[in-house]
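Enquirer: Structure in structure tokens, see below.
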There are 2 protein chains.
Amino acid sequence: MTRHDLGVTATQAKRPSVEAQERLTQVGLRPTRQRIALIGILFAKGDRHVTAEMLYEEATSAQIRVSLATVYNTLHQFTNAGLLRQIAVDSSKTYFDTNPSFHNHFFIEDKNELIDIPPTNALVGAVPIPPEGYEIDRIDIIVRLRKKRR
Amino acid sequence: MTRHDLGVTATQAKRPSVEAQERLTQVGLRPTRQRIALIGILFAKGDRHVTAEMLYEEATSAQIRVSLATVYNTLHQFTNAGLLRQIAVDSSKTYFDTNPSFHNHFFIEDKNELIDIPPTNALVGAVPIPPEGYEIDRIDIIVRLRKKRR
DNA sequence: ATTTGTGCAAATCGTTTGCATCTGA
DNA sequence: TCAGATGCAAACGATTTGCACAAAT
């Protein structure tokens, strides 16, 4: 079980999960009803790439009462806590990745979909040396894909 | 002289440039007053990373009458024509790079500044294989920098 | 003369904020 | 009890759009 996999199934998402509660407490966030529910949805099924709107829709249709503003707050709190990673694909929507460890992404332009690049297929290289006084915060690599024209 | 360097100096930017006109015609855009002026500003001094707002300010203070909407239009037209490259650093502002050829960027987080990674310092590696039916449009690599803490 | 571009203001859209109310420790 | 969290609606900021007018071919 990886660090970001809480082992919560989709059906469990609605019920308070002990694991989710512990996880929240660990990172210094109060285990509220909304946060427990959201953490449940986010980590229920493997790695995901969600927008605030997507998560909000999903929570709402799962009978979880939560406001969009709280979804935004929660996503940022989880990101600061290291549970999520933020990804900038374009200047409109912001995506959040449930796998915070370093890896790269394919972005399928005609579907606005973000998928992990399998590690066996990864783009790796020398890490550049930052200018004096700065250090690397993180490296974002996005490989943009378009439909192959034949 | 590189392909994207028109050799136009800052002082020439205000006067219609034959080179700018030719360049526009080449890519199928009518050489209008605004487009000639903007192309002049953009390529006057080496590689740059501008936002629509930045370019608009610069044009305005150089006595060039142009609307912000036209700046947006023009930036997109130039991008489609291959004169510029669009860079997504975060989900607020959109940056345009006057060097459309492949290279990577440092993003200085505390200054919201984008700079080229010198080629000698570049991050290169194996190019990942896209999923079936897709091909690589482009690869965006952004190395985010924060002030070194001592 | 016809097509294309421009400017303005209003509209859009994702995201943030202010503030009253609620909740968890 | 009471700091911290939530919900709502209003505010925001970057970008886009509709449309009348202007400029280029």
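Just so it is clear, none of the values below were taken in a lab; they were calculated from the coordinates. Values in this document were obtained by computation on a predicted structure and should not be read as measured data. Using ideal geometry, Cβ is built from the backbone for each residue, glycine included, and neighbour counts are taken over all protein chains shown.
Enquirer: Find the centroid of the Cα atoms in the range A:22-88 and in the range B:57-133, then give the distance between the two in whole Å.
Expert: Here the answer is 32 Å between Cα centres.
Enquirer: Here's something else I'd like to know. Once the label point is set 7 Å along the Cα-to-beta-carbon vector, what list of distances in nm do you get between A:F102 and its counterparts in the other copies?
Expert: 2.1
Enquirer: Quick one: helix A:33-44 against the long Cα principal axis of chain A, what's the angle to the nearest 10°, folded into 0 to 90?
Expert: Computed tilt is about 50 degrees.
Enquirer: Also, I was wondering about something else. Which order do A:H49, B:H103 fall in if you start with the one that has the fewest other Cβ atoms within 10 Å?
Expert: B:H103, A:H49
Enquirer: Next question, about the same structure. Does anyone have the angle between helix A:52-61 and the longest principal axis of chain A? Alpha-carbon axes, 0 to 90°, nearest 10?
Expert: Tilt relative to chain A: about 30 degrees.
Enquirer: With angles folded into 0 to 90 degrees, how steeply does helix B:68-80 sit against the dominant principal axis of chain B? Use alpha carbons for both and round to 10.
Expert: 60
Enquirer: What number comes out for the charge environment of B:R146, summing +1 per Lys or Arg and -1 per Asp or Glu over other residues with Cβ under 15 Å away? Mind showing how you got there, number by number?
Expert: Values: positive: A:R138, B:K111, B:R144, B:K147, B:K148, B:R149, B:R150; negative: A:E132, A:E135, A:D137, A:D140, B:D90, B:E109, B:D110, B:E113.
Within the 15 Å Cβ shell, the charges total -1.
Enquirer: Taking every residue in A:129-136, how many Cβ atoms of other protein chains lie within 10 Å of its Cβ, on average? Write out the running numbers ahead of the final one.
Expert: Numbers: counts 4, 9, 8, 1, 5, 10, 5, 6.
Whole-number average of other-chain Cβ neighbours for A:129-136 is 6.
Enquirer: From the Cα gyration tensor of chain A, with a ≥ b ≥ c the square roots of its eigenvalues, which class applies: rounded if a/c is under 1.5, or else prolate if a/b is larger than b/c, or else oblate?
Expert: Details: a/c = 1.93, a/b = 1.45, b/c = 1.33.
Prolate shape, in that a/c is at least 1.5 and a/b is the bigger ratio.
Enquirer: For chain B, modelled as a GNM with alpha-carbon contacts under 10 angstrom, which of B:S67, B:S17, B:S92 fluctuates the most?
Expert: Looking only at B:S67, B:S17, B:S92, the largest GNM fluctuation is found for B:S92.
Enquirer: How far apart are the A:E19 label points across copies, placing each 7 Å from Cα toward Cβ, in nm, shortest first?
Expert: Counterpart label points of A:E19 in the remaining copies fall at 6.2 nm.
Enquirer: Next question. Hey, could you pull the Cα Rg and Dmax for the range B:18-94, both in Å?
Expert: Calculated on Cα positions, Rg and Dmax stand at 12.0, 37 Å.
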